[in-house]
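Below is one structure, written out as structure tokens; the observations come after it.
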Amino acid sequence: MIKKNIPKERRIILKYADDPGYSNKMNCYLKNGGYKMLKKAIKMKPDEIGEEVLKSGVRGRGGAGFPAGMKWKFLDRKSGKPIYLICNADESEPGTFKDRQIMYKDPHQLIEGMMIAAYAIQAKQAFIYIRAEFFEGARILEEAIAEAKAKKFCGDKILGSSYSCDLIVHRGAGAYICGEETGLIESLEGKRPNPRIKPPYFPAVLGLYQCPTIVNNVETLCNVKHIMQMGGEAFSKIGKPNNTGTRIWCVSGHVKKPGYYEFECGALTLGEMIYDICGGLLPGRTLKAVIPGGSSSKVLRADERFTGKLKDGTEFDWGIDDIPLDFDGPASVGSMSGSGGIIVMDDTVDMVEAMANINAFYAHESCGQCTPCREGSLWMRKITKRMCSGDARKEDADLLLSVANQIEGRTICAFGEAASWPTQSFIAKFRGEFQDKAKHGSSKPKLQLI
Amino acid sequence: MISNGKPSTINIILDGKEVEVPAGINLVEAAGIHGTEVPHYCYHPQLSVAGNCRMCLVEMGTPMRDRATGEAVLDENGIQKIGWVPKPVIGCGTNVSPGMHVKTKSSMVTESREGIMEFLLVNHPLDCPICDQAGECRLQEFATDYGRGYSRYVERKNVKPKRTKLGPRVTLDDERCILCSRCIRFCQEVVDDDVLGFVDRGSFSTLTCFPGKELSNNYSLNTVDLCPVGALTSTDFRFKMRVWFLKESPSICVESSAGSNILVSSREGKIHRITPRRNDSVNDSWMTDSGRVLYKKVSSDSRLLSASVSGNASSLTEAISAASEMFKDKKLGVVGSCKSSVEEQYLLNKLSKNLKAKKFLRGHFGKDDGILLSADRTPNLRGNLVTGFSNKYPSDQLSDLSISIQKKQVNALLVIGEDLSESGVDLEDLKSIPIVFLGTHQNATADFSDVVIPTLTSFEKSGSFINRSFRLQSFKQAIPGPVGLLPDLHVIASLINALCEDAEQSSDLASIWKQMSKSRTNPLHGLIFSKIPGDGLQLDGSKWNSLPFIEKKAMHFSPLKQLQKSKI
Ligand SMILES: Cc1cc2nc3c(=O)[nH]c(=O)nc-3n(C[C@H](O)[C@H](O)[C@H](O)COP(=O)(O)O)c2cc1C
Ligand code: SF4
Ligand code: SF4
Ligand code: SF4
Ligand code: FES
């Protein structure tokens, strides 16, 4: 048997986080070279930093994977209105737990990245919008910001320059939709987090308080620091073209060693992640399905063959294990790398129950603003719940699919897709299980239907 | 949208046909102009765009241009390609642009509408037979027009609060609410009274008042009109009348000089409700709550129903001849009214001029709310100026009347509706002279008048008013007046004919307008009553710029002084 080369983690963002003795305190961060990049940045022209970020090709780590440098370019700088920077630390996508590691263990890295970004876009004020459940994270960040202020790394006249920018931690109140950037902005303004219609409310033009605003994920903003450190050009060499830098993958589910792992983009495949890095499945189990990018990404079946053409024209013919872990890999097999949350399911999973679980989440988290998502998400939840309670009907699979199709592409925000993609893919790939439920459904007590 | 006073237009391709539309409007409006309905719930032309119901989804594409060079991308026939958006877009939130292609009848659009309709109905009670909105319900209408016509829903429906009192006049059935947020936006944007909001989330979202607040502003009933379904109902009207029995007549609200356009809904001669009628130059689609109840006066206890002479009931003809007898060879004083119609004021002025009578006029004033309840609480003060009955701005007192009586300049009085005892006139002075009272309701003056001639309310006659912006607006009789009563015009014309030599005054509106519109110097010059447009006609009131009009800046209205100031 040939001994395989096990891919190695390349920790850039999480370089120190798990080192023994590394703390989230200022002196520890400074000892490890902290805030040097901010010192460098503040002497540069803001636009030069933007150019480096553009060159780096770094794509957003919040889910959509939009190039950060490009986003910054869209910023309306002529309006004369103040510009805001918001760090999206709402991390609520089921299966995702990477931003938390950064904020809890290395908050100064985020602050440094943010202040460089803030300076680059000439933000008047910066915010960290953190999910309600991270109360400890909020406390850590508050403390770190106080330390940074004392050392003039943020706040008034940063490092003695003429640039000032305050940094404020704002806690959410426990709603997933606050992770959607326009919902986040509404919430930050003190309102219900109803996502805004686009057009006209593109954050880069009409964001927080109707002013130009940049919203970036925690991991994205941390990358800004490293782009400063190595230069955009060098950063773009990490990973693969169009998939630059590292990514922190969060693996959960039925593997021996679930956890978060930072790798260069494309450095390993899904199979290597599951079997080499996470120690494989539990004894006696076989792989059934993987959700590769957080609960809203489309599920992949273990025995599927994926064929097609990559963007660069090369043809591929992959099994689930062969899918490269970067932005484009999961996307080219019809799913997405999303927020990096890899959920592994083995043969003990009842796919209808898994579906019911996901549907319950989206029905609970829909903001309720627009008709298809509001009514469709709850309807799907009611159907799958009924199916799991022994009252499945043979037409339910088709009905579920049809309801999901009636949501997708017709909503205000991408939550509509997030809520419908799971159903669409579960039905497409595990239709048999849904139909079997109808056959064997009556084993459990019947749900009372009125 | 409007430059050089001319609206600029562009061409779009609507369902394959090139059509011209005003630049800058959205697709719901653009299609509407060309007779294509784009069904919608949350969109309202006078509120901000929420884009939440998704009923207005259409297919849209724009002429393709190369991103880098900006040049048109052509197909093999040399025609510019259309870049269709792969998903449907909301018509209410998409503005027209030159060359835009829009499909409102494609299968994508049809399916989207079917889907939205189905979603709107899954948790809806669907108890139209016992719902007050039935007959004027968008949900019913669009379900029939755009829905699939059957249900695939077998789950339990959500349960929400019923019969919630949101305020003194509005009752909410949350189960019927489709969460379109029109009512919320109305309170925020039009009334500036932010009291409504949603609590809970997803399909459990529930409309409610903020803690400690209630929907009690004077515009609360507009939310009932706005509500596309039977969620918000008028506590006064609900469950009293099926709307399909109602006859609707266009009219004008008489509450104040704002002159809100209204619809009077009646059945068999009885008014059941008043609702606003859209006029984008006056009241948009709104009116006050207080204006909606004015119809109740039509059959109030104090309504004058029969003529009387010296306290004894008489016929109308007897009363009119008694009045003319009384005025013969007298120095007549005429107290006109800012509540009379333009035509009535014109005839009254004619009578006064012919008899060389002294004219008096009082105003009625209150607090201006800066929206649609103006400080001038009469519908037609400006009519008195235009018809020449008065050239002064009236005060709320008639003190000069007392003086005129004391100086014996006046020894008989014709009073139109006013209660002189409330107008600063000494009652002792009044007792000394004969008084003829024309009015709809009893008051202290009617009580001691020698002749009382009952007249008709604005709901029972036709005519016109001139509002605070000098906009001439006509109203049409909605219900018949009480048996035996005649329009005010008839009474005044009869007096003219009895008292003025060779007079042949007709009481017919068309002929009165012929006389009224003769003078070249009058703003009414050349106008014909039947040709006054449904949304009124702007008159030139600049002649009276110097008068101290009391109205504040309000909806579609700027005080003259303010205008002048801003010009300097
Ligand atoms: C329903 C929904 C939930 C989201 N939740 C998050 C989140 O928790 N954290 C996050 O960073 N981005 C989230 N996003 C993505 C954001 O809208 C936004 O794209 C992102 O924060 C931009 O940052 P990036 O460009 O750095 O990725 C969510 C998007 C949607 C549609
Ligand atoms: S798609 Fe869902 S979450 Fe997004 S605005 Fe609509 S109802 Fe709210
Ligand atoms: S709101 Fe409309 S559809 Fe609903 S019950 Fe009433 S009439 Fe029927
Ligand atoms: S009560 Fe009526 S107007 Fe208000 S949100 Fe509900 S459906 Fe819309
Ligand atoms: S009318 Fe356009 S979304 Fe409601």
Review point. Anyone know which of A:Asn223, A:Asn24, A:Asn357 comes out most mobile in the 10 Å Cα GNM of chain A?
Key: A:Asn357
Practice item. Quote the FRET efficiency, to the nearest 0.05, computed for A:Arg431 versus B:Trp84 with a Förster distance R0 of 22 Å and r equal to the Cβ-Cβ distance. Key: 0.10
Exercise for review: Take every Cα-Cα distance within the range A:240-346, group them into 5 Å bins from 0 onward, and report for each bin the whole-number percent of pairs it holds.
Suggested key: 3, 13, 26, 27, 19, 9, 3, 1
**Study point:** Residue-by-residue Karplus 3J(HN,Hα) for the range A:49-57, coefficients 6.51, -1.76, 1.60, Hz, glycine and proline x
**Key:** 5, x, 4, 4, 5, 5, 4, 5, x
**Study point:** Binned Cα-Cα distance frequencies in the range A:319-450 - 5 Å width, integer %
**Key:** 2, 10, 19, 21, 19, 15, 9, 4, 1, 0
Point to revise | Rel. contact order, % - alpha carbon contacts under 8 angstrom, at least six apart, chain A | key: 16
Review point. What FRET efficiency comes out for the pair B:Arg303/B:Ser281, r = Cβ-Cβ distance, R0 = 25 Å, nearest 0.05?
Key: 0.15
Check your understanding: To the nearest 0.05, how large is the calculated FRET efficiency for A:Asp19 and B:Ser48 if R₀ is 30 Å and r is the Cβ-Cβ distance?
Key -> 0.05
Study note, to complete from the structure: Sorting B:Phe119, B:Cys209, B:Ile512 by the position of each Cα along the dipole of chain B (Lys, Arg +1; Asp, Glu -1; all at Cβ), the one nearest the positive end of that ordering is B:Ile512
Practice item. Provide Rg over Rh for the range A:58-98; use the alpha carbon set for both Rg and the Kirkwood Rh (inverse mean inverse pair distance). Key: 1.07
Check your understanding: Projected onto the charge dipole of the range A:26-237 (+1 at Lys/Arg Cβ, -1 at Asp/Glu Cβ, origin at the Cα centre), which of A:Ser161, A:Ala120, A:Pro82 gives the Cα projection farthest towards the positive end?
Key -> A:Ser161
Check your understanding: Roughly how many debye, to the nearest 20, is the charge dipole of chain B about its Cα centre, given +1 on each Lys and Arg Cβ, -1 on each Asp and Glu Cβ, and no other charges?
Key -> 540
Exercise for review: Over all directions, average the projected area of the Cα convex hull of chain B and note it in nm².
Suggested key: 33.0
Practice item. Could you state, as a whole-number percent, how many of the C-alpha pairs of the range A:26-237 are farther apart than 33 Å? Key: 7
**Study point:** Alpha-carbon centroids, the range B:441-517 and the range A:198-258: separation in whole Å
**Key:** 76
Study note, to complete from the structure: Zone reached by a paramagnetic label modelled 7 Å from B:Ala498 Cα along Cα→Cβ, restricted to the range B:334-356 with backbone N below 19 Å, covers B:334-336, B:344-345, B:347-356
**Study point:** Under 18 Å from the Cα of B:Lys81 - lysines, other chains or at least 8 residues apart
**Key:** B:Lys17, B:Lys103
Exercise for review: For chain B, return all DSSP H helices satisfying: extent of Cα atoms along own axis at least 15 Å; mean Kyte-Doolittle hydropathy at least 0.5.
Suggested key: B:107-122, B:316-327, B:488-499
Practice item. Please work out how much accessible surface A:Arg171 shows to a 1.4 Å probe, ignoring ligands, DNA and RNA, in Å² rounded to 10. Key: 110
Study note, to complete from the structure: Farthest towards the positive end of the dipole of the range A:104-218, among A:Val215, A:Ile130, A:Ile111 and with Cβ unit charges of +1 on Lys and Arg and -1 on Asp and Glu, lies the Cα of A:Val215
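How would B:Cys187, B:Cys128, A:Cys388 rank on accessible area, largest to smallest, probe 1.4 Å?
Largest accessible area first, the residues go B:Cys128, A:Cys388, B:Cys187.
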Review point. Under a 5 Å amide H to amide H cut-off, with H placed in plane at 1.01 Å, what residues pair with A:Tyr84 once short-range neighbours are removed?
Key: A:Lys124, A:Thr213, A:Ile214
Exercise for review: Over 25 Å between C-alpha atoms is what I'm after, so list which of A:Lys309/A:Lys429; A:Lys256/A:Lys288; B:Lys105/B:Lys160; A:Lys25/A:Lys237; A:Lys71/A:Lys237 land there.
Suggested key: B:Lys105/B:Lys160; A:Lys25/A:Lys237
Check your understanding: Amide H of B:Lys247: which non-local residues (sequence gap of 5 or more, or other chain) have their own amide H closer than 5 Å, using H built in the peptide plane?
Key -> B:Ser266, B:Arg267
**Study point:** Between the range B:134-186 and the range B:41-92, the Cα center-to-center distance that results, in Å
**Key:** 30
Practice item. Would you mind checking the tilt of helix A:218-235 against the longest principal axis of the Cα atoms of chain A, expressed as 0 to 90 degrees and rounded to 10? Key: 60
Study note, to complete from the structure: Expressed as a percent, the portion of alpha-carbon pairs in the protein assembly as shown spaced more than 43 Å apart is 51
Practice item. With runs of 4+ DSSP H residues as the only contributors, calculate the mean residue ellipticity of chain B at 222 nm using -39,500 (n - 2.57) per run, divided by the residue total and rounded to the nearest 500. Key: -6000 deg cm²/dmol
Review point. So how much slack lies between B:Ser107 and B:Asn545, counting 0.36 nm per residue of separation and subtracting their Cα-Cα distance, in nm?
Key: 151.8 nm
Practice item. Run the numbers on the range B:113-127: which residues show a drop of 30 Å² or more in accessible area, chain on its own versus all protein chains together, using a 1.4 Å probe over heavy atoms? Key: B:Phe119
Exercise for review: Could you work out the Rg to Rh ratio of the range A:1-133, with Rh taken as the Kirkwood radius (inverse of the mean 1/r over all Cα pairs)?
Suggested key: 1.01
Revision key, fill the gap. By accessible area (1.4 Å), largest first, B:Lys514, A:Lys152 order as B:Lys514, A:Lys152
**Study point:** Rough spin-label spacing in nm, given labels placed 7 Å along Cα→Cβ, for B:Leu74 and A:Asn27
**Key:** 7.4
**Study point:** Simple Cβ-charge dipole of the range A:26-237, Lys/Arg +1 and Asp/Glu -1, about Cα centre, in debye nearest 20
**Key:** 560
Check your understanding: So what J values fall out for the range A:163-173 if you push phi through Karplus, 6.51 cos²θ - 1.76 cosθ + 1.60 with θ = phi - 60°, rounded to Hz, Gly and Pro as x?
Key -> 8, 10, 7, 7, 10, 10, 9, 10, 8, x, 10
Check your understanding: What dipole magnitude, in Debye to the nearest 20, does the range A:351-439 give about its Cα centre under +1 on Lys/Arg Cβ and -1 on Asp/Glu Cβ?
Key -> 160
Revision key, fill the gap. Hydrodynamic radius by Kirkwood for the range B:307-544, inverse mean 1/r across distinct Cα pairs, in Å, is 18.1
Check your understanding: How are the Cα pair distances of chain A distributed, in percent, across 20 Å bins from 0?
Key -> 25, 55, 19, 1
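The values are calculated or read from the model by the stated rules, or taken from the named source; none is laboratory data. Note that the structure is predicted; figures quoted are calculated from it, not measured. Cβ coordinates were reconstructed from backbone atoms using ideal geometry, including for glycine residues, and neighbour counts include every protein chain displayed. All accessible areas refer to the heavy atoms of the entire protein, side chains included, with ligands and DNA or RNA removed. Shrake-Rupley method; radii C 1.70, N 1.55, O 1.52, S 1.80 Å.
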